[in-house]
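Take a look at the structure set out below.
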């Protein structure tokens with residue numbers, strides 16, 4: 001779910017959200033959706049990808065790997081949407097809307113892979129790793145980030161540039177600390 005959007009609420013295009021259109025019918029892009037923002041939006045995808053690659057190397061499951069691929073694809077397409085906003089000054093709704101389908105499908109596939117391959121991993125081993133130092137600290141900070149993202153998602157407009165910077169900063173830090181927890 002994109003931050004700034006309530007669960008179950010359909011994502012609206014910029015025009016539906018009240019963004020103006022030019023006389024020639026093209027939608028205007030709100031101020032602040034810059035190349036820097038698009039680049040910032042890549043950081044959580046990169047951090048998630050690194051952490052997921054480490055997990056995938058430890059757990060051989062095509063279903064799990066497929067789920068991780070869908071999650072990364074969803075994040076990359078969403079970041080791509082911001083590049084299109086910043087560089088082409090166009091809103092391509094598919095690039096942002098796909099996330100509500102690909103992300104849940106990816107997580108469902110990854111969890112299904114874990115359940116199907118339950119004999120190849122141990123909950124005790126996972127808990128032992130997560131409770132060890134420094135992973136424990138990294139995971140606790142990551143959990144705080146997830147809670148903060150949930151709060152921001154209910155209180156900020158994800159299409160507002162200033163709100164988007166806040167959300168992406170928290171998201172990048174959250175993914176960074178989760179990645180560090182996985183690695184260490």
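Please treat every number below as a calculation from the coordinates, not as lab data. Everything numeric here is computed off the predicted structure, so don't read it as measured data. Cβ atoms come from the backbone with ideal geometry, glycine included; neighbour counts cover every protein chain shown.
Entry note: the stretch 113-176 has Rg to Rh equal to 1.15, where both radii use alpha-carbon atoms and Rh is the Kirkwood radius. Spin-label model, residue 88/residue 107: points 7 Å from Cα along the beta carbon direction are separated by 2.9 nm. Computed from the Cβ-Cβ distance with R0 of 25 Å, the FRET efficiency linking residue 143 to residue 119 stands at 0.35. Remark: the stretch 35-183 projects, on average over all directions, an area of 8.8 nm² (convex hull of Cα atoms). Using the alpha-carbon positions of the stretch 64-150, Rg (one decimal) and Dmax (whole number) come out as 16.9, 50 Å.
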